[in-house]
Amino acid sequence: MTNLQKAQALDQSDRLAEFYQRFYHPENEIYLDGNSLGKQPLKTKERLVSVLDEQWGQQLIGSWNKHWLELPKRIAGKIAQLVNADSDEVVVGESTSVNLFKLAHALIESGLYPKRLITDSLNFPTDNYILEGISSYLKMSPPLCVSYSSDLEADIAQLKEVIRSNQGVLCLSLVSYKSAYYYPAKMLNAFAKSHDSIIIWDLSHAVGAVHFDVKETETLAAIGCTYKYLNGGPGSPAFMFIDSQLSSSLSSPIQGWFGHANPFEFTSAFEAAKGIEKFNAGTPQILSLSALEIGLEITLDAGIRPIREKSELLGNYLIEKIQSELIPIGFKLESPEGYENRGSHVTISHQESWRICQCLLHPKRGEPKITIDFRPDKYIRIGMAPLYTRYIDLWQTVERLRAIVTSREFEQHDGKKPVVT
C-alpha cells in the first residue's frame, strides 16, 4: 500500500467522514487553519437568511419575544453540554477579552483569593494585555508572568513553585496557541485550590476539538471563543463558565442592561441578576448567535469524544509523516509528540518558514492552495478540525512542503508580511 493509498483508506474508515459534507469547501483549496477560523457550515447561510427575512425583516421587534430573548440561554446550554457544565453555569456573548476582564476583575475583587494576577509566557498575548489593564486600573502590582525557558512547553514544576509562593488568580491557556501544548488541568486546579488560588482556563484553542470536562477536572472558571473549532463565524460571541457555587460570591464589574434581574422594567436602580446571568452586559448579538448555533449543533451531533479521538489520530498520522518526510530536510517538530499533551494543531518550523507559507498560499499552476498559518518568529501551525479535515489533506500538505524545500521554490518569494499572517 502506498502512502497515498494509506491516507485514502484512513479516510474511508473515518467514523466522522459524513460531517465533511456539512461544510462549504472552496474549490482547489486544502484548509488547515480551523484553529484560527473554522469553516462555514452549509446550513449557516440558510439560518441567517431566515433570521434576516422572517425574524428581522417581517416580525421586527416582535422577534424579541418570539425568538431572540431565549437565544443566548439556548446556545449557552449547548456550550454547557460540550464541557459538561450545568446550563446555569455558562453565558454566551461579548468577546473573549471582555469576558476575561469581567471574570478576572470579579475574582480579584471578591476577597476570596489574594489580590494578585498571575499568567505565564505561553498564554495568548491578548489575555495578558487584559490582565495588565486590570492591574493598572485597580492600582495593583503588574501581573506576575511565569517565564519558561521554552516558549513551546510549560515547566509544570516551575509553575507550581510560583503558585506555592505567590497565591492569587491565574489565567492560563488550556492549549497553547504556538505549540498546542495541553496543560494538565485537573492536577493544576487541585494544586491551585490547595494554595488559596484559582485558575481561569482560556479554552479558545481547545473547545470543539478537545474533550474537556469542567466537573471531572474540577474547573471553577473558564472563558473561550467560538469561531475556531466551533465554526461560529468571524467574530462570533465568546462564552464564560463559572461554577455555580462560586458565581454567587462574585460581582460583575460591568452593570449592563442584560445583567439586570429585570431588564425590561427599566428601573433606575441596578439589581443584579442571579448567578452567572449577572455577567451579561449589552444586547445579545442576534445575527452572530444565530450563526453560531449551527456550528454547535454539528459539534454536538458528532460528539466531542469521537471528535477528540479523530483529532488524536490525525495528529499522530501527521507527526509520523513529519518525522519521516520533513525532519530530514530541515524542518523541526515544535509540538509535543504524545497526543495526551497536545491539542488539535501541530506546529513545525524551518529557517524559511515564512516564505514556505507563501508558496502554500500562492501555489504554482496545478497545485492546490494550502491554508495554514504562520506565527512569529518561525512557526508554521497546521490545524486539524476533525469535522472536516481529512487524512488526504495532511498527506498532500506534507508532500507539498517537501517539494517546496527540495526544489527551493521558496526563493521565488520575498519576506514581506501582511497584517494578518
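The values are calculated or read from the model by the stated rules, or taken from the named source; none is laboratory data. It should be emphasised that the depicted structure is a prediction, and the values quoted were computed from it without experimental measurement. Using ideal geometry, Cβ is built from the backbone for each residue, glycine included, and neighbour counts are taken over all protein chains shown.
Would you call V146 under 30 Å from D301 (Cβ atoms), modelled with pLDDT of 95 or more and among the β-branched types (V, I, T)? Spelling it out, it is not the case that V146 is under 30 Å from D301 (Cβ atoms), modelled with pLDDT of 95 or more and among the β-branched types (V, I, T). Select from the range 231-257 the residues that are modelled with pLDDT of 95 or more and assigned to a helix (DSSP H, G or I) and write down the one among them that is surrounded by the fewest Cβ atoms within 10 Å (Cβ to Cβ). That would be Q245.
Residues are listed down the side, and each one gets a yes or a no for (1) within 16 Å of S311 (Cβ to Cβ); (2) assigned to a loop (DSSP other than H, G, I, E, B); (3) in contact (Cβ under 8 Å) with a residue 60 or more places away in the chain:
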position: D14; (1), (2), (3): yes, yes, yes
position: Q21; (1), (2), (3): no, no, no
position: V51; (1), (2), (3): no, no, yes
position: Q59; (1), (2), (3): no, no, no
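Given L203, L188, L172, which one is crowded, with 21+ Cβ neighbours inside 10 Å and under 9 Å from the mean Cα position of the chain (by Cα)? Just one listed residue meets the conditions, L203.
I need the strands (runs of 3 or more DSSP E) fully contained in the range 321-403, keeping only those with at least 2 residues that are surrounded by 21 or more Cβ atoms within 10 Å (Cβ to Cβ).
In the range 321-403, 345-349, 379-383 are the strands (runs of 3 or more DSSP E) which contain 2 or more residues that are surrounded by 21 or more Cβ atoms within 10 Å (Cβ to Cβ).
May I ask you to list the residues in the range 373-400 that are under 14 Å from K39 (Cβ atoms) and of a type in the set (A, V, I, L, M, F, W, C)? Correct list: M384, A385, L387. Number of residues in the range 115-125 that are surrounded by 14 or more Cβ atoms within 10 Å (Cβ to Cβ) and outside any loop (DSSP other than H, G, I, E, B) equals 4. So, in the range 138-176, of the ones that are part of a helix (DSSP H, G or I) and touching a residue at least 24 places away in the same chain (Cβ under 8 Å), which residue ends up farthest from N35 (Cα to Cα)? Among those that are part of a helix (DSSP H, G or I) and touching a residue at least 24 places away in the same chain (Cβ under 8 Å), it is R164. Within the range 82-98, residues that are more than 17 Å from D202 (Cβ to Cβ) and touching a residue at least 40 places away in the same chain (Cβ under 8 Å) reach partners that are part of a loop (DSSP other than H, G, I, E, B) and of a type outside the set (V, I, T) with beta carbons closer than 6 Å, at six or more positions or on different chains, in the pairs N84/D213; N84/K215.
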